[in-house]
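Just below is one structure, and these are the notes that go with it.
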Amino acid sequence: MIVGTAGHVDHGKTALIQQLTGIDTDRLKEEKARGLTIEPGFAYPEVADGVELGFVDVPGHARFLHHMLAGSAGVDTVLLVVAADDGVMPQTVEHLQILTLLGLDRGLVALTKIDRVDAARRRQVREEIAALLAATPLAGAPIVEASSHSGEGVEALRDRLWTLAATQRAIPTQGHFRLAVDRVFTKSGAGLVVTGTAFAGQVCQGDGVRLVPAGLTARVRGIRRQHRDSERAQQGDRVALNLAGPGINRDAIQRGDWVVAEALETPPLRRLDVQLQLLDGAPALKHWAPIHAHLGVARLSGRMSLLEGQRLAPGERMLGQLVLDAPVHACLGDRFVIRDPGGRLTLGGGVVLDGAPPRRGQRRPERLAWLSALAECAVAGPPFDLDPLLRQALDRRPEGFDLIAMASNANAEAAELTARTKALGGQIIATQGQLRGFSQGTIVALLERLLGAVAANHAHEPSMLGTERSRLARQTMPELPAPVCRELLRILVERGALVAHGPFVALPEHRAALNEVDETLWQQLEPLIAATPFQPPRVRDLAMSESLDEARIREVLIACARLGRLYQVRRDHFYLAETVTEMAAIVQALAQEQGRIRAAAFRDRLGTGRKLSIHILEFFDRVGFTRRIGDERVIRHADMWQ
């Protein structure tokens, strides 16, 4: 159990933890000199076998609120400290607001400095505290009176906390390892060390991890959890990792960065779809307002884009998008807080929904409905029940949904989501790095759309062998990745609904042919091309010799090339298919005899000019039959025309 303090400056948080644990959490010289906590401090007392308890002592001064926010990342239990002489103060209220925004709903209150006031004042402050907590998740939390000076009540508070730690249920470990970095330093003999709270998953000594946003990979040389050497750490632990690897040094990572498992494929993010809650006492927030965002341990500037209106009133909730000035790491359910640009006022906060929002259609009803479903899942907290999301995606996403992106966003295993999708009656398309889920009805509709497009193309282009696959993808489903369309086409070919002709697909009954007029013209042109097979006349030469329109000849020759009768080696320079096959055989023979294909040797075999022979070899380069090395070529695919 990780307990985080909260409360106004000089209400005795650090002194109370020292009384409870015997550990002074102020470690900086400046803190000791000024008697003021500046950075979060940590204490890990001995409790009992099998029971682990840690304290995070955060600054109470308003000037160090960003450090308070950093220290609160990963805390699961609150110790709200209120001094009996001062009572509820501004930072008491603001800290409580922040803890509520961060989703903390478990804890108790320490009423400190009771030795300075009488019983009537104690009762008055207890009433103030109860009223303050009434509208928060900590309503009804126990209030324990204590004095760090006299020791009165400290033992009772310790018993409460120790009992709470002993009865806390084990946190279910979910997803890949994620650690929010709050300290970075180098240690003699060890190297780089980062500390933070593990948000998810587990890590073991020797594991590979990735630094975000730097993108560097590292190896975990050593682990300390709760200030003790360990071979592993998991979700909820306070962790120190000794990292090593190429480029891993003090400049590679800083407070606010993340250490995540290598398997968690999430890029640095600058736009986050969120559910935003504005505090009751905050000023109204306008669309595209500048803000400071606190996420994990990071503090970033940016703007808040409102997705359901132009203005968010105090106390209201709305879907929005955080547009940040610097990259950050986030997953579904991560909590954040926003403050005004000057960092003086807490405005509100909320929960991250999607780290990879679309660039267009952000306010479309179907997109907002999806974000609302994500919000319902995220607010419920981990471990997330993703089945409702998968059901909605299957029912309402005619373009299907990206299971890899969904898994990354939810910090879940793609294999797990795949299994759940199939269990819900969905179908998976897995190809070339794509893993996409569809309902059975959507798959049927997409296959019918492809068949309809192929039939329409046959009607408009009867001379074509079929439709090129990439063109068909653009025609029918531009919203989907091209590999998904190709996989759907493979299914149709496998079923016999389509036949493949190289890069083209066609209906089985389709027979590519020229119309009668074009066929007559081809019969007139073919002998002229065949008369000098290695150096056929160009389009303009054919037009002049036959007194025909140049554009008309070009149109027919291109149609014949589609039918496989010709190859267009250069613009307006067409070769018969059997001639190209013969030239390919010459290239193969030269490769076998000489190991290389030189332009001069190829020219001599063809009996053409050097320039034309080079153009022919360049054609073979383009189609992948040969590969150029300097001024020579070697065979790349010797079986291309076999």
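Spacing of the modelled spin labels on Glu46 and Ser547, each 7 Å from Cα toward Cβ, amounts to 11.4 nm. Cα centroids of the stretch 338-413 and the stretch 424-455: 24 Å apart.
Relative contact order for the chain: what is it in percent, counting Cα pairs under 8 Å that are at least 6 residues apart?
7 percent.
Extending 7 Å from Cα along the Cβ direction at Thr173 and again at Ala130 yields two label points whose distance is 4.4 nm. Considering only Gln275, Pro383, Pro478, the residue lying farthest towards the positive end of the dipole of the chain is Pro478, judged by Cα position with unit charges set on Cβ.
Sort Glu127, Glu516, Glu550 from largest to smallest accessible area, using a 1.4 Å probe on the heavy atoms of the protein chains.
Sorted descending by solvent-accessible area, the residues read Glu516, Glu127, Glu550.
Computed with a 1.4 Å probe on the full set of protein chains, the accessible area for Cys204 sits at about 40 Å².
For Leu435, the residues whose modelled amide H falls within less than 5 Å of its own, excluding neighbours fewer than 5 places apart on the same chain, are Leu403, Ile404. The largest accessible area among Tyr567, Tyr575 belongs to the first residue in Tyr567, Tyr575, and the rest follow in falling order (1.4 Å probe, all chains).
In this Cβ point-charge picture (+1 for Lys and Arg, -1 for Asp and Glu), the stretch 110-232 has a dipole of about 500 debye about its Cα centre. The overall shape of the chain is prolate: from the C-alpha gyration tensor, with semi-axes ordered a ≥ b ≥ c, the ratio a/c is 1.5 or greater and a/b exceeds b/c.
For a test of the definition: using alpha carbon positions, the gyration tensor, and the 1.5 limit on a/c, classify the stretch 483-629 as rounded, prolate or oblate. Cα axes put the stretch 483-629 in the oblate bin. For the stretch 297-306, backbone phi angles converted through the Karplus equation (6.51, -1.76, 1.60; θ = phi - 60°) give residue-by-residue couplings of 10, 7, 10, 10, 9, x, 9, 10, 8, 8 Hz, Gly and Pro being listed as x. Under a cut-off of 19 Å between alpha-carbon atoms, report the aspartates and glutamates in cross-link reach of Lys422, not counting same-chain residues fewer than 8 places apart. Straight-distance partners of Lys422: Asp385, Asp387, Asp395, Glu399, Asp402, Glu413, Glu487.
Overall, the stretch 142-193 carries a charge dipole of about 420 debye about its Cα centre when +1 sits on the Cβ of Lys and Arg and -1 on the Cβ of Asp and Glu, all other atoms neutral. Available extension along the chain between Ala380 and Ala326 is 16.6 nm, counting 0.36 nm per residue and deducting the alpha carbon span. Surface calculation, 1.4 Å probe, protein heavy atoms: Arg122 sits at approximately 50 Å² accessible.
Taking θ as phi - 60° and the Karplus parameters 6.51, -1.76 and 1.60, the scalar couplings of the stretch 189-198 work out to x, 10, x, 6, 10, 10, 10, x, 9, 6 Hz in sequence order, x denoting glycine and proline.
Amide H contacts for Leu347 (H built 1.01 Å from N in the peptide plane; partners 5 or more residues away or on another chain; cut-off under 5 Å): Ile338, Arg339, Asp340. Tell me whether the stretch 330-386 comes out rounded, prolate or oblate; compute the Cα gyration tensor, take square roots of the eigenvalues as a ≥ b ≥ c, and use a/c under 1.5 as the rounded threshold. Oblate shape, in that a/c is at least 1.5 and b/c is the bigger or equal ratio. Amide H contacts of Asp257: Val181, each under 5 Å away and 5 or more positions distant or on a separate chain (H built 1.01 Å from N in the peptide plane; Pro and chain starts excluded).
So how much accessible area does Asp604 have, in Å² to the nearest 10, using a 1.4 Å probe? The accessible area comes out at roughly 110 Å².
Multiplying the sequence separation of Gln568 and Arg250 by 0.36 nm and subtracting their Cα-Cα distance, what value in nm do you get? Please list the in-between numbers first.
Numbers: separation 318, 0.36 × 318 = 114.48 nm, distance 5.91 nm.
Taking Gln568 through Arg250 to full extension adds about 108.6 nm, to one decimal.
Sequentially through the stretch 520-532, phi angles give Karplus couplings (6.51, -1.76, 1.60; θ = phi - 60°) of 4, 5, 4, 4, 6, 8, 4, x, 5, 6, 6, 4, 10 Hz, Gly and Pro residues having no value and appearing as x. The residue among His227, Val587, His292 whose Cα reaches farthest toward the positive pole of the charge dipole of the chain, with charges on the beta-carbon of Lys, Arg, Asp and Glu, is Val587. In a reduced charge model with +1 at each Lys and Arg Cβ and -1 at each Asp and Glu Cβ, the chain shows a dipole moment near 1180 debye about its Cα centre.
Comparing Leu563, Gly256, Phe619 along the charge dipole axis of the chain, the residue lying farthest to the positive side is Phe619, per the Cβ-charge model. Here each label is just a point 7 Å from Cα along the line to Cβ, and for Arg160 and Arg344 those points are 3.6 nm apart.
The values are calculated or read from the model by the stated rules, or taken from the named source; none is laboratory data. Bear in mind the structure is a predicted one, so any value in this text is a computation, not a measurement. Don't worry about glycine lacking a Cβ; one is built from the backbone with ideal geometry, like all the others, and counts go over all protein chains shown. Side chains included, ligands, DNA and RNA excluded: accessible areas come from the protein's heavy atoms. Shrake-Rupley method; radii C 1.70, N 1.55, O 1.52, S 1.80 Å.
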